[in-house]
Amino acid sequence: MAIEVLPLPIPPTADPEKLKDFGREVKGVNPGALSPEEFKEVHDLLYKHGALLFRNVDLTPEQQYALTKAFDPASESYGHGNKKTEGEKKSILHPDLKTIPRVPQVQLIGNGTVYNHEGLAEAMLKHPSHTTFHKTRVSAEDEEKGYTRYYRWHIDAALYDLSPPKVTTLYGVTVPQGPHQTVRYDDGTGDELEVPLGTTAFVSGKTMFDILPPELKSVAVRTKVKYAPHPYVWMAPARALPTGLGILSEGLEMSYDELPPWEESRIKVLPMVWKNPVTGDLHFQVHPCGVSELLIDPLPEGTKREGALYPDGARLADLKEVRELLYKMQRPAIAPNLVYPHDWHEKDLVLFHNRGVLHTVVGAFKKDQVRAFHQCNLAASDDPAGPSAEDPGDDASEEPFMSQYLHYSVHNIVGFECHGQL
């Protein structure tokens, strides 16, 4: 049976034009036993569309690990390091993950208590909630009415020592059903989004980059992002914005002296924009909660500077300034009409391009609502690539990328990589 590919059902709140290329449902193949030819097709579909859905799949943890590893055969350990997250009590990730003993690359996540599950006699799971991470929270009365928030927009990555995984696989084992909830942004915009209970929400990093105004695109392709050492420990005392897109600057982060032992050479410094290896598209891929500095290269010599931001380059180390700039760049892409909230059913398998999308846990469950998912992502064998010389080209007629820079004459951007600035 040939592979059949269908668009994902996007909600009526979404902009169909902006989401027309995002996500596909795949039928006609068993993702746990793909032939080499089938895998190649699935591989390319994932990089082209950001997320793939397989419905009604029977998938063992061993098969899930093998499928995830196939996207990066040299990868081996879980994306945060096997056992490291569970063993680091101070990390904000500690309560959320339980390792499946016989396949330590696969984690059990969810809500409630699960018994006799894949070698775990008893596992107490906790669905992450904005109530424990945001500075403010939806009132208990409003929660009863079905209001909630995004938890934390992020990329699956340790962001220290290990390279960000290329692909994450999520498999719904036990999926409780219930009334839809309404996400409130609570940022003064009045933005809201109706979502299925316990949805995973996705936004496209490509769209996040594409919709930037020219002056911010210029900054994005010139910037490297420096993350804090052990960022999930570092950020644990701090509190997030109500949109789940970054942290308030209140000086609550753990001091570097208090962190577990760390080395400067293991700190991650990554491009702000990551290049898709199949399509060549550029994706704005930043985990805003873990960022400590932004390192901006100057405009190339001879470039018109009028209207450009940071034409001489900059090192932004003030957390408030760093976060305000990132928020300005990322917030437009989480607008309700650009979000795909997946409606989970049991035996759904979702693959997503972890280097091309941002995602977040959403909503809240009651204690007696048992939910069990298997999650797998693997620390990659290399770091993501940023923009390269061929992306903008040297001809101002090249569309659509080059046209965004005409009023800066940034055709000289091709010199970035050659001059060691990317």
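Hey, does segment 135-145 have a residue that's touching a Leu at 6+ places or on another chain (Cβ under 7 Å), touching a residue at least 40 places away in the same chain (Cβ under 8 Å), outside any helix (DSSP H, G or I) and not hydrophobic (A, V, I, L, M, F, W, C)?
yes
Kindly check whether there is at least one residue in segment 334-349 that is assigned by TED's automatic domain parsing to the domain that holds Pro128, more than 22 Å from Leu197 (Cα to Cα) and modelled with pLDDT of 50 or more.
no
Please note which strands (runs of 3 or more DSSP E) are completely contained in segment 1-86 and include at least 3 residues that are more than 19 Å from the chain's Cα centre (by Cα).
The qualifying strands (runs of 3 or more DSSP E) are 4-7, 24-27.
Being at pLDDT below 95 and either closer than 30 Å to Thr174 by Cα or of a type in the set (A, V, I, L, M) (or both) narrows it down to one of Gly356, Gly363, so name that one.
Just one listed residue meets the conditions, Gly363.
Of all residues in segment 105-130, which are part of a loop (DSSP other than H, G, I, E, B) and in contact with a Ser or Thr (Cβ under 8 Å, 6 or more places away or on another chain)?
Gln105
Of the residues that make up segment 165-172, is at least one at pLDDT 95 or above and not in a strand (DSSP E or B)?
yes
Given the condition of a type in the set (A, V, I, L, M), touching a residue at least 40 places away in the same chain (Cβ under 8 Å) and touching a Phe, Trp or Tyr at 6+ places or on another chain (Cβ under 6 Å), answer yes or no: does some residue in segment 316-332 qualify?
The answer is no; no qualifying residue exists.
The values are calculated or read from the model by the stated rules, or taken from the named source; none is laboratory data. Model, not experiment: these values are computed from the prediction. Reconstructed Cβ throughout: ideal geometry from the backbone, glycine too, with neighbour counts over all protein chains shown.
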